[in-house]
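Participant: Dumping the structure here so I can ask a few things about it.
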Amino acid sequence: MRGWERLVIRSDDERQILASLWIESGFLTSSTQLTLLVHPDYQGVYDDVLLNHVTRRYDIKGALVTEHPADDTVTSDVLRRYHFRPQREVIHMRWDVR
């Protein structure tokens, strides 16, 4: 009862994946989970293309949900342009004792 789709943008020689958007939806869920990965050289470009595509193409019932690091301001700006808003903020910290 779950569906997966993967949108991929490859380099011209098709040797590298430059961006990817995984879309996970379920028949009985109220949201669609997005996983967005973009090569740092193409942030602000390919993330915009993929988010534009998914928000226009899919007749999605309920919310689109993604997890995204708050310190990635480029993609955060793109997400805000498509009306994504923070639901919660989590800070991951690690203490290395040597």
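Participant: Which of the residues that make up region 40-81 are more than 26 Å from Gln16 (Cα to Cα) and within 10 Å of the chain's Cα centre (by Cα)?
Facilitator: Leu64, Val65
Participant: Something else now. Filter region 16-35 for residues that are under 17 Å from Ser76 (Cα atoms) and touching a helix residue (DSSP H, G or I) at 6+ places or on another chain (Cβ under 6 Å); which is surrounded by the fewest Cβ atoms within 10 Å (Cβ to Cβ)?
Facilitator: Step one: list which residues in region 16-35 are under 17 Å from Ser76 (Cα atoms), which gives 19-21, 33-35.
Right, trim to touching a helix residue (DSSP H, G or I) at 6+ places or on another chain (Cβ under 6 Å) and you get 19, 21.
Numbers: Ala19: 20, Leu21: 22.
Selected residue: Ala19.
Participant: Condition (residue is among the aromatic types (Phe, Trp, Tyr), touching a strand residue (DSSP E or B) at 6+ places or on another chain (Cβ under 6 Å) and buried (at least 16 other Cβ atoms within 10 Å of the Cβ)) applied to region 45-61: is it met by at least one residue?
Facilitator: Yes - at least one qualifying residue is present in region 45-61.
Participant: Output the residues belonging to region 30-75 that are closer than 24 Å to Val90 by Cα and among the hydroxyl-bearing types (Ser, Thr, Tyr). So that I can check it myself, show each step before the final result.
Facilitator: The initial filter retains those residues of region 30-75 that are closer than 24 Å to Val90 by Cα, namely 30-40, 43-44, 47-48, 51, 62-75.
Listed by number, the residues that qualify are Ser30, Ser31, Thr32, Thr35, Thr66, Thr73, Thr75.
Participant: OK, next. Answer with yes or no whether Arg94 is at pLDDT below 90 and not aliphatic (A, V, I, L, M). First the steps, then the outcome.
Facilitator: Values: at pLDDT below 90: yes; not aliphatic (A, V, I, L, M): yes.
The answer is yes for Arg94.
Participant: Ok, one more. Checking Arg15 against (1) within 14 Å of the chain's Cα centre (by Cα); (2) over 29 Å from Ile91 (Cα atoms), which single condition isn't satisfied?
Facilitator: For Arg15, the exception is condition (1).
Participant: Is one or more of the residues making up region 71-85 touching a Leu at 6+ places or on another chain (Cβ under 6 Å) and within 25 Å of Arg2 (Cα to Cα)?
Facilitator: yes
The values are calculated or read from the model by the stated rules, or taken from the named source; none is laboratory data. Just so you know, these numbers come straight off a predicted model, no measurement behind them. A quick note on method: Cβ atoms are made from the backbone with ideal geometry, for glycine too, and the neighbour counts reach across all protein chains shown.
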